[in-house]
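This report refers to the structure that appears directly beneath it.
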Amino acid sequence: MALKIIEHGSSEYQQMVALRDSILRKPLGLRFDQAELDQEARHILIGAFEEDDMLGCCMLVEENPQTVRLRQMAVYNEKQGKGIGRALMNFAETLARDRGYKLLTMHARKDAQGFYEKMGYSTSGDEFKEITLPHLIMQKKL
């Protein structure tokens, strides 16, 4: 498995959008709009690949010079449980740390809380609804 930063607008980016759409959006009846996708050019886009096929992805969005937020973490359902999510998280944390960030935060879906806790993240605040699902703010010092 290869982990790498993806260039916005590339064919790899198109795979990333398709993965996120099928795992994170379509099940909720949601779609991406072009303005949202255009904004992603400013983010750190990360993909996990086997040869040319994307297995999973995530992105890092700067909140402030000390804090970066993980967004849009997704692994194809049939590929889950094989260490892809863990590898993506480790890669994202290393990138964030190397770029000087001190804190990684996220709005984690409640059903993913256990995964992130195993990765060393703690919950901050109360549960809330986002895109119709229960979420938690989770964070980890880098």
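Every number in this text was worked out from the coordinates using simple rules, so none of it is lab data. This structure is a prediction, so every number in the text was calculated from the model and none was measured. Note that we place each Cβ from the backbone using ideal geometry, even for glycine, and neighbour counts take in every protein chain shown.
Among Ala108, Ala74, Ala35, the residue with the largest mean-square fluctuation in a Gaussian network model of the chain, with springs joining Cα atoms closer than 10 Å, is Ala35.
Counted by neighbouring Cβ atoms within 10 Å, the residues Thr123, Thr94 run from fewest to most as Thr94, Thr123. For the chain, the share of DSSP beta bridges that are antiparallel, to the nearest 5, is 90%. Give the aspartates and glutamates reachable from Lys118 as a straight Cα distance under 15 Å; neighbours fewer than 8 places away on the same chain don't count. Within the straight-line cut-off, Lys118 pairs with Glu93. Applying both filters, DSSP loop and at most 14 other Cβ atoms within 10 Å, to the chymotrypsin sites (Phe, Trp or Tyr not before Pro) of the stretch 68-142 eliminates every site. Normalised by residue count, the stretch 2-141 yields a Cα convex hull volume of 110 Å³ per residue.
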